[in-house]
Amino acid sequence: MSCYIENLGDHTDQEVTIRGWVYNKRSSGKIKFLLLRDGTGLVQCVLVKGETPDEVLEAFGNLTQESSLKVTGVPRVEKRAPGGYEMSVSKLEIVQIAEEYPITPKEHGVDFLMNHRHLWLRSSQQHAIMRVRNEIVMAIRQYFYENGFVLVDTPILTGSVGESGQTLFATKYFDLGQAYLAQTGQLYAEAGAMAFGKVYCFGPTFRAEKSKTRRHLTEFWMMEPEVAFNDSDDNMDLQEDLICYVVRWVLEKSRPDLETLERDISKLEQVVKPFPRVSYDEAVKKLQEVGESDIQYGADFGGDDETILTKMYDRPIMVYDYPRAVKAFYMKQHPERDDLVRCNDMLAPEGYGEIIGGSQREEDPEKLIQRIKEEKLPLEAYGWYLDLRKFGSVPHAGFGLGLERTVAWICGIHHIREAVPFARTMGRLNP
Ligand code: 4AD
Ligand code: MG
């Protein structure tokens, strides 16, 4: 009977077959160890001269790193072995002898590893990151399901600019002119909110960002809820609640993977409500006080400013009410300060910075038209969006959570390129 390594505990002292790949092998005198991985875990197989059948010992001799095989034996608990089980081998069937594997236990440069990303995914750290990513996605979907949100999938090929004209990927679209790859699903999620009350979309988004930072991809996944009748404060409450839920979920489900990543778990345990809320005005003052940043009032924060700011707190913070001039056209004008908009960013601690951008939306059609014109966006492409302000316009708010930045923060990894299976950046389209 074949089984997965993660289920070995259900099959101790009975014969099973594991199908997988050679992670490592070594010999010490009469005993030979074969570390096998099958995607769900690692198990140590033991071969002993004199006890193990000769043909198995011979096959062992031919195995190279990442050769594929089927191993039959009886698993037993062995606390000292990686994965906690050990298996004596009675049968070993080779599926393929692998060619010399390019990734070895010695150090490789990041560029080499990224060029071999299709293989690098098999390494224990990368494997752990992807499993945490899987749990984060499950947590987000479960959170919205439990809270009565409807999933509304939004298009990737679009005719209007969602965020800003500067970072668009365009492609020719038959006789209809230019199509753009979606920078956000938000505008469509707003239509969804007017139909269903609370919705979210979750899909890939695209930005032709000419930034080579540890926080920028050209293709990333974004989860965007939108709620009718929510204002900016409700919006921040929702963000806080979601992030606490996701972190709790990961702490519960992903401990072994977080340990593989040597993540400081105590830092994640501090992620509890309430998150400090700091106005843009206060944030600039704080940055100017510590003197490490050259931020001028009115400017958007750079990555370094966010790093300095988040290091002042032990949990995520929410910076709200930014200057209108540095934010997107759809954000609601502040009722008392017409230089500000009712928006917020959530900045993750430990220097990670922005993981969420959100806002209350402008519901006044006249103000919205004025902003579209100011941003020199083609008004005719926004007819359908302006309709939402004509037929029962209500206050509403939403936000976008960047999945890869969230994964990078929760896993404690330095660069966002390792938070996605196959990263797309300015300099990478392959593999
Ligand atoms: O702040 P952003 O640009 O907000 C929006 O797109 C809104 N339309 C969302 C909304 O209100 N529905 O992006 C939201 C989040 C950022 O906080 C960040 O986590 C992530 O998306 N993000 C990126 N992640 C990786 N690479 C990039 N180039 C990113 N740009 C934004
Ligand atoms: Mg933003």
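The values are calculated or read from the model by the stated rules, or taken from the named source; none is laboratory data. Not measured: the values here are computed from a predicted model. Backbone-built Cβ (ideal geometry, glycine too); neighbour counts: all protein chains shown. Keep in mind that these areas ignore ligands, DNA and RNA; they rest on the heavy atoms of the full protein, side chains included. Shrake-Rupley method; radii C 1.70, N 1.55, O 1.52, S 1.80 Å.
Taking only the Cα atoms of the range 364-431, the ratio Rg/Rh comes out at 1.21, with Rh defined as the Kirkwood radius.
Given a Förster distance of 25 angstrom, what is the FRET efficiency for Asn115 paired with Arg141, based on the Cβ-Cβ distance and rounded to 0.05? Spell out each step's value before the answer.
Details: r = 33 Å, r/R0 = 1.31.
Efficiency at R0 = 25 Å is approximately 0.15.
For a straight C-alpha distance cut-off of 14 angstrom, the aspartates and glutamates reachable from Lys390 (same-chain residues fewer than eight places away being disregarded) are Glu190, Glu362, Glu363, Asp364, Glu366.
If you sort the three axes of the alpha carbon gyration tensor as a ≥ b ≥ c, you get a/c of 1.5 or more for the range 107-196 and a/b no higher than b/c, which makes it oblate. Need one word for the range 12-76: rounded, prolate or oblate. Basis is the Cα gyration tensor (sqrt eigenvalues a ≥ b ≥ c); a/c below 1.5 gives rounded, then a/b vs b/c decides. Oblate, because a/c is 1.5 or more while a/b does not exceed b/c.
Please label the shape of the range 220-353 as rounded, prolate or oblate, based on the square roots a ≥ b ≥ c of the eigenvalues of the alpha-carbon gyration tensor (a/c under 1.5 means rounded; beyond that, a/b larger than b/c means prolate, else oblate).
Numbers: a/c = 2.34, a/b = 1.39, b/c = 1.68.
Note, shape of the range 220-353 comes out oblate.
Across the protein chains, with a 1.4 Å probe defining accessible surface, the residues Lys172, Lys332, Lys253 rank Lys172, Lys253, Lys332 from largest area downward.
For the range 132-195, the solvent-accessible area of protein heavy atoms averages 51 Å² per residue (probe radius 1.4 Å; ligands and nucleic acids excluded). Sorted on the mean count of surrounding Cβ atoms within 10 Å across their residues, most packed first, peptides 18-31, 391-404 read 391-404, 18-31.
For the chain, the membrane-span-like helix rule (DSSP H, alpha carbon extent of at least 30 Å along the helix axis, mean Kyte-Doolittle at least -1.0) picks out 124-146, 232-253; this says nothing about an actual membrane. What is the log10 of I(q)/I(0) for the range 167-261, computed with the Debye formula using one identical point scatterer on each Cα and no solvent, at q = 0.14 Å⁻¹? After summing over all Cα pairs, the log10 values are -0.79. Across the cross-link table entries Lys285/Lys332; Lys172/Lys212; Lys285/Lys311, which are compared at the Cα atoms, the separations over 19 Å belong to Lys285/Lys332; Lys172/Lys212. Rg then Dmax, both in Å and based on the Cα atoms of the chain: 26.0, 87. Treating r as the C-beta distance of His108 and Glu289 and R0 as 45 Å, the FRET efficiency rounds to 0.55.
Among 227-240, 158-171, the peptide with the highest mean count of other Cβ atoms within 10 Å heads the list, and the full ranking is 227-240, 158-171.
On the range 5-96, 45 percent of the accessible area sits on carbon and sulfur atoms, based on a 1.4 Å probe.
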